[in-house]
1. Select, from B:W101, B:W147, B:W122, B:W136, the only residue that is modelled with pLDDT of 90 or more, open to solvent by 30 Å² or more (accessible area, probe 1.4 Å) and under 20 Å from the mean Cα position of the chain (by Cα).
2. Can you tell me which residues in region B:199-209 are at pLDDT 95 or above and of a type in the set (A, V, I, L, M)?
3. So which residues in region B:57-72 are at the interface with chain A (Cβ under 7 Å from one of its Cβ atoms), surrounded by fewer than 23 Cβ atoms within 10 Å (Cβ to Cβ) and within 30 Å of B:Y128 (Cα to Cα), if there are any at all?
4. Is it true that B:R168 is open to solvent by 50 Å² or more (accessible area, probe 1.4 Å), in a helix (DSSP H, G or I), at the interface with chain A (Cβ under 10 Å from one of its Cβ atoms) and of a type in the set (K, R)?
5. Go through region B:73-131 and give me each residue that's at the interface with chain A (Cβ under 8 Å from one of its Cβ atoms), assigned to a helix (DSSP H, G or I), of a type in the set (A, V, I, L, M) and under 16 Å from A:L27 (Cα atoms).
6. Mind checking which helices (runs of 4 or more DSSP H) fall wholly inside chain A and carry at least 1 residues that are open to solvent by 70 Å² or more (accessible area, probe 1.4 Å) and modelled with pLDDT under 90?
7. Within region B:18-32, is there a residue that is without any contact (Cβ under 8 Å) to a residue 24 or more places away in the chain and within 11 Å of chain A (Cβ to nearest Cβ)?
Amino acid sequence: MPDSVPAWLVILAMAAVTYGLRAGGYLVMGRVTLTPPVRRALEALPGAILIATVAPVALRGGGVALAALAVTAAVMALSRKDTLAVAAAVGVAALARSFGL
Amino acid sequence: MSDAMPQFTRAGFLLGVRLSLPILPGIAAFALAYGTVAVQKGLTLAEAAVMSALVYAGASQLVGLEIWTTPLTPAAAVAVVGVVAAINLRLILMGAALRPWLGGVPARQVYPALGILTDANWVIALRYRAEGGNDWAVLVGSGLVIWMVWAGAAIPGYLFGALVADPRRWGLDLMMPAFFVAMLVPLWRGPRRSLPWIVSGVVSLATAELVAGYWFIVTGAVTGSLAGAILGPRDGGDA
């Protein structure tokens, strides 16, 4: 067993694994028949991924994150402008943290 | 949404570039932070830059570097690759969600394009698709710009990274979650269709409480998607 592994080898392995995941889901779904339940599962998937990513971040981030993300949703619902919604979140968080919250 | 063959136009590519502008400052800030961490972990400039260009997956690179050692022991090498795989598992689901849209596009075009699939361009293309668009150059245009900024900003981050020591102070850590929340709003189809979202939220929160790491994305997304398949449109309310 060698004492150390070349960094390049690890970087290439990281890249290969990540590309495999990027292509893998698409590849597998090409071999699955798109029955109505499968289609419904795929249609529900985007919203489910977004929620699953954001919910724990919001909770772990405490009051500042919760407030910033609530502001984002409100601004987006009212304006439908994602730039504005994201800027509002960043602004709220930066302001709150400048006060040491 | 129709099942018509997706187009690929110059206009769609440019639209993708334009739609990615709101999040580019956040991507750049985290690439700078990544570059700084890479210096501290003893990577060469070339290694840091090539990692960003080839792996192109921010959170997993940062967490991978967290357990990086110089020189890399075999155990550390395995751990780095394993952590990268675990954090990027969600890409399987993202690719799967693209299948109904891009299934008709020739494989020789889709598989190279999947190389630049990441959260931000996925969500941009998804929203565009939900609003009735059918030009998949949106996915490629936004992915390419974000890739250029991510890979490019790692270099100044490596060279002068200490200047942007704390993205949190500027609220930039919340930029990506905020972007996700903004993208949820147009996907909202009323309370009757929100059960998968509730399932996903509850399961991801429970997982985050019980299991370390990023498994909550996978468990929440899979159960939410299953809830969508089982509960489905019940009273024939939609096609």
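The values are calculated or read from the model by the stated rules, or taken from the named source; none is laboratory data. All of these numbers come straight from a predicted model, not from anything done at the bench. Ideal geometry is used to build each Cβ from the backbone, glycine not excepted, and the neighbour counts take in all protein chains shown. All accessible areas refer to the heavy atoms of the entire protein, side chains included, with ligands and DNA or RNA removed. Shrake-Rupley method; radii C 1.70, N 1.55, O 1.52, S 1.80 Å.
1. Working: B:W101 fails: open to solvent by 30 Å² or more (accessible area, probe 1.4 Å); B:W122 fails: open to solvent by 30 Å² or more (accessible area, probe 1.4 Å); B:W136 fails: open to solvent by 30 Å² or more (accessible area, probe 1.4 Å).
Only one candidate qualifies: B:W147.
2. Result: B:V199, B:V202, B:V203, B:L205, B:A206.
3. Passing the criteria: none in range.
4. Details: open to solvent by 50 Å² or more (accessible area, probe 1.4 Å): yes; in a helix (DSSP H, G or I): yes; at the interface with chain A (Cβ under 10 Å from one of its Cβ atoms): yes; of a type in the set (K, R): yes.
Against the criterion (open to solvent by 50 Å² or more (accessible area, probe 1.4 Å), in a helix (DSSP H, G or I), at the interface with chain A (Cβ under 10 Å from one of its Cβ atoms) and of a type in the set (K, R)), B:R168 qualifies.
5. Those that are at the interface with chain A (Cβ under 8 Å from one of its Cβ atoms), assigned to a helix (DSSP H, G or I), of a type in the set (A, V, I, L, M) and under 16 Å from A:L27 (Cα atoms): B:L91, B:I92, B:L93, B:M94, B:A96, B:A97, B:L98, B:L102, B:V110, B:L114.
6. A:36-60, A:82-98
7. To start, the set of residues in region B:18-32 that are without any contact (Cβ under 8 Å) to a residue 24 or more places away in the chain comprises B:18, B:21.
Next cut, within 11 Å of chain A (Cβ to nearest Cβ) only: B:18, B:21.
Yes, because at least one residue in region B:18-32 is without any contact (Cβ under 8 Å) to a residue 24 or more places away in the chain and within 11 Å of chain A (Cβ to nearest Cβ).
For every residue, the table says whether it meets (1) within 8 Å of chain A (Cβ to nearest Cβ); (2) more than 11 Å from A:I51 (Cα to Cα); (3) open to solvent by 40 Å² or more (accessible area, probe 1.4 Å).
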residue	(1), (2), (3)
B:P177	yes, no, no
B:L195	no, yes, yes
B:I198	no, no, yes
B:L210	no, yes, yes
B:T223	yes, yes, yes
